[in-house]
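What follows is a set of notes on a single structure, which appears directly below.
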Amino acid sequence: DTAVSQTPKYLVTQMGNDKSIKCEQNLGHDTMYWYKQDSKKFLKIMFSYNNKELIINETVPNRFSPKSPDKAHLNLHINSLELGDSAVYFCASSQPRPPYEQYFGPGTRLTVT
Amino acid sequence: AQSVTQPDIHITVSEGASLELRCNYSYGATPYLFWYVQSPGQGLQLLLKYFSGDTLVQGIKGFEAEFKRSQSSFNLRKPSVHWSDAAEYFCAVGSGNTGKLIFGQGTTLQVKP
């Protein structure tokens, strides 16, 4: 019974394409997050939504646009993909109160060629 | 600005030996502190957390960590390492009231038979 799931697990695409990654959680959490893990395994937050409202928007190119249709889903759409977008993208969720204990999905490995 | 430092990029221990992974943080207020483990090709699994109370916290898989405010540290320990503990370990600090996690660079643990 998967708590936080992401699709697809692997995504290989060419530069300039537009792609989406989907995330769903069944933990009943109100807050969801997107993190990017680069080739050196460094993890950095990109966005966070609380009950469909954007609350964290780090310095991320405008080509990245999160969308939360409901509090159980948070999707990430990426326009005009670039080589530097190649990374593993993780979705996470938590309750909207301290300590914001986050549970992560399995990740989506995006490769841009 | 908040930051997390994991001084050891790579650690190798023999199976059955004890383990300590170091983590130092920089944060003005009482931090929320976490340790996550990432096995190859997998997502991040929460090992343990600290946000108040007893400074020695117990986690899953036999791990524990001690919060030392005077040293700004939250080191992870395990008395006897198993081969299955080989993975990447991340320390993280929760920032403010948004749930944003700031991660350290990670420590790769290798276990020798």
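The values are calculated or read from the model by the stated rules, or taken from the named source; none is laboratory data. Just so it is clear, the structure is predicted and the values come from calculations on it, not from any experiment. Cβ: placed from backbone, ideal geometry, glycine included. Neighbour counts: every protein chain shown.
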Exercise. Out of all the residues in the range A:48-61, is one or more modelled with pLDDT of 95 or more and surrounded by 14 or more Cβ atoms within 10 Å (Cβ to Cβ)?
Worked result: no
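Name the strands (runs of 3 or more DSSP E) wholly within chain A that hold at least 2 residues that are within 21 Å of residue B:98 (Cβ to Cβ), in contact with a Ser or Thr (Cβ under 8 Å, 6 or more places away or on another chain) and not acidic (Asp, Glu)?
On the way: elements: A:4-7, A:10-13, A:19-25, A:31-37, A:43-50, A:53-57, A:64-70, A:73-78, A:87-94, A:108-112.
Because the criterion is at least 2 residues that are within 21 Å of residue B:98 (Cβ to Cβ), in contact with a Ser or Thr (Cβ under 8 Å, 6 or more places away or on another chain) and not acidic (Asp, Glu), the strands (runs of 3 or more DSSP E) in chain A that meet it are A:19-25, A:31-37, A:43-50, A:53-57, A:73-78, A:87-94.
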Exercise. Looking at the range A:88-113, which of the residues that are aliphatic (A, V, I, L, M) and more than 14 Å from chain B (Cβ to nearest Cβ) is farthest from residue A:58 (Cα to Cα)?
Worked result: A:112
For this session: Name the one entry in B:61, B:68, B:112, B:78 that is basic (Lys, Arg) and either within 12 Å of chain A (Cβ to nearest Cβ) or under 30 Å from residue A:6 (Cα atoms) (or both).
Result: B:61
Exercise. Here are some conditions: (1) surrounded by fewer than 16 Cβ atoms within 10 Å (Cβ to Cβ); (2) in contact (Cβ under 8 Å) with a residue 24 or more places away in the chain. Residue B:35 meets all but one. Which one does it not meet?
Worked result: (1)
Exercise. Does residue B:29 satisfy being free of Cβ contacts under 8 Å to residues at least 12 places away in the same chain, surrounded by fewer than 17 Cβ atoms within 10 Å (Cβ to Cβ) and either under 19 Å from residue A:98 (Cβ atoms) or not hydroxyl-bearing (Ser, Thr, Tyr) (or both)?
Worked result: yes
Exercise. Which of the residues spanning the range B:79-101 are charged (D, E, K, R) and touching a Lys or Arg at 6+ places or on another chain (Cβ under 8 Å)?
Worked result: B:85, B:88
Exercise. Which residues, counting only those in the range B:45-83, are in contact with a strand residue (DSSP E or B) (Cβ under 8 Å, 6 or more places away or on another chain), of a type in the set (S, T, N, Q) and touching a residue at least 40 places away in the same chain (Cβ under 8 Å)?
Worked result: B:71, B:72, B:73, B:75
For this session: Consider residue B:6 carefully, then state whether it is closer than 26 Å to residue A:87 by Cα, at pLDDT 90 or above and among the polar types (S, T, N, Q).
Result: yes
Exercise. Hey, among the residues in the range A:46-63 that are farther than 27 Å from residue A:12 by Cβ and aliphatic (A, V, I, L, M), which one's farthest from the other protein chains (Cβ to nearest Cβ)?
Worked result: A:54
Exercise. Restricting attention to the range A:64-78, does a residue exist that is out of contact with any Lys or Arg (no Cβ under 6 Å at 6 or more places or on another chain) and within 11 Å of chain B (Cβ to nearest Cβ)?
Worked result: no
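Please tell me if residue B:12 is among the β-branched types (Val, Ile, Thr), buried (at least 20 other Cβ atoms within 10 Å of the Cβ) and at pLDDT 95 or above.
Working: among the β-branched types (Val, Ile, Thr): yes; buried (at least 20 other Cβ atoms within 10 Å of the Cβ): no; at pLDDT 95 or above: yes.
Judged against the criteria, residue B:12 is not a match.
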